[in-house]
Amino acid sequence: MNRPTATAIGFGAVLLWATLAALTDLAKPTPPFLLNAISFLIGGMIGVGYLAVRAKTEGRNAIRIALRQPAHIWAIGVIGLFGYHFFYFTALRNAPVAEASLIAYLWPLLIVLFSTFLPGEGLRRGHVAGALCGLAGALILLAGSDGFSLSGDGGVLGYAAAIICALTWSSYSVLSRAVGEAPTMSVAGFCIVAAALSVLCHLMFEETAWPQGIAGWIGAVGLGVGPVGLSFYLWDIGCKHGDIQLLGVLAYGAPLLSTLLLISIGSAAVTASLFIGLILILSGSFLAARASLQKQSTASTEPS
């Protein structure tokens, strides 16, 4: 698979993440960890189903091959998928939502910065500038008209959890590239383990409330099929084979697209912050894309 195709596939995950807020709203009043358990289980079953089909057509045990991974691969995958959501929900429970979301959404910028440790991934100023523009745009979108202040009464635990959340997903994304020998379909196993851990957290921390009616189950199943399921497979392909720095910047499009989707279904209003965030995120994407093209052009002209 060539680099542009893998990058486009990875961006598919960003498009799916844009539906997260709308589908989560449909699934109310289901608490976060129970919703995660449902979604991760569906996401894992998607992968297992795909592997079962491959096993029939290829005449080999594709499921066993995909899931028979070293312990460090399992640790990276499970901590990445479950750990991100665990610390994200912990942050939201112990700090104001706007502030916690903003800190947690440092992960695209961290991906751009951490990628410098990967072999052959030189960092250009355009990548950093683009990531900072995207961060500024996401900041404005997440803060909205109410603004935010990290000096509030949110508590150290919430802010610390948000920081760990950002570090967890950015590290998972970059390490996925570093251990690229692990097949993408091993994500199915990570999802199933994450579902089991989510059930445990639900029993420990939450009151059970199932999705209500057809709309509620559409939201829950939609999460498992899309933003908390298929997206992880697409993101794995993008991180392992695509332009991880450009993907990091493009990830800032998720809150923008999410806001546009909420506006289209009447769950959010058009505001000045939307237009400012739009300009900043698009500008950041342009800067990062141009830097990536320049990097590829330089690499192609270098003598082998």
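The values are calculated or read from the model by the stated rules, or taken from the named source; none is laboratory data. All figures in this text were calculated on a predicted structure; none of them were measured in a lab. Cβ atoms come from the backbone with ideal geometry, glycine included; neighbour counts cover every protein chain shown.
A few points about this structure:
- Scope segment 194-228; condition of a type outside the set (A, V, I, L, M, F, W, C) and closer than 18 Å to SER170 by Cα; matching residues: PRO227
- ALA66 vs. criteria of a type in the set (Gly, Ala, Ser), without any contact (Cβ under 8 Å) to a residue 24 or more places away in the chain, under 22 Å from GLY229 (Cα atoms) and outside any loop (DSSP other than H, G, I, E, B): no
- Any hit, segment 46-61, residues being crowded, with 19+ Cβ neighbours inside 10 Å, in contact with a helix residue (DSSP H, G or I) (Cβ under 7 Å, 6 or more places away or on another chain) and of a type in the set (Ser, Thr, Tyr): no
- Only one entry of ALA55, ALA75 meets the criterion of being at pLDDT 90 or above and of a type in the set (Gly, Ala, Ser), and that entry is ALA75.
To keep it simple, each residue is scored yes or no on (1) outside any loop (DSSP other than H, G, I, E, B); (2) surrounded by fewer than 24 Cβ atoms within 10 Å (Cβ to Cβ); (3) touching a helix residue (DSSP H, G or I) at 6+ places or on another chain (Cβ under 7 Å).
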site	(1), (2), (3)
ALA91	yes, no, yes
ALA98	yes, yes, yes
PRO108	yes, no, yes
LEU113	yes, yes, no
THR116	yes, yes, no
GLY130	yes, no, yes
GLY134	yes, no, yes
GLY137	yes, no, yes
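- Of the candidates TRP217, TRP210, the single residue that is part of a helix (DSSP H, G or I) and surrounded by fewer than 17 Cβ atoms within 10 Å (Cβ to Cβ) is TRP217.
- Filtered residue count, segment 185-244, keeping only those that are of a type in the set (S, T, N, Q), farther than 24 Å from ILE9 by Cβ and within 19 Å of the chain's Cα centre (by Cα): 1
- Reported count of residues in segment 1-44, each being within 14 Å of GLY253 (Cβ to Cβ) and of a type in the set (Val, Ile, Thr), is 3.
- Segment 20-56, subset farther than 22 Å from ALA215 by Cβ and among the basic types (Lys, Arg), residue farthest from the chain's Cα centre (by Cα): LYS56
- If you filter segment 179-207 down to residues that are touching a residue at least 40 places away in the same chain (Cβ under 8 Å) and not in a helix (DSSP H, G or I), you find that the one that is surrounded by the fewest Cβ atoms within 10 Å (Cβ to Cβ) is GLU207.
- Among the residues of segment 215-238, not one is under 20 Å from ILE73 (Cβ atoms) and touching a Pro at 6+ places or on another chain (Cβ under 8 Å).
- Any hit, segment 248-256, residues being in a loop (DSSP other than H, G, I, E, B), over 12 Å from LEU141 (Cα atoms) and modelled with pLDDT of 85 or more: yes
- Residue satisfying all of: in segment 1-19; surrounded by fewer than 16 Cβ atoms within 10 Å (Cβ to Cβ) and of a type in the set (S, T, N, Q); nearest to GLY213 (Cα to Cα) among these: THR5
- Among the residues of segment 63-101, those that are more than 14 Å from the chain's Cα centre (by Cα) and not hydrophobic (A, V, I, L, M, F, W, C) comprise ARG64, ARG68, GLN69, PRO70, HIS72, THR90, ARG93, ASN94, PRO96, GLU99.
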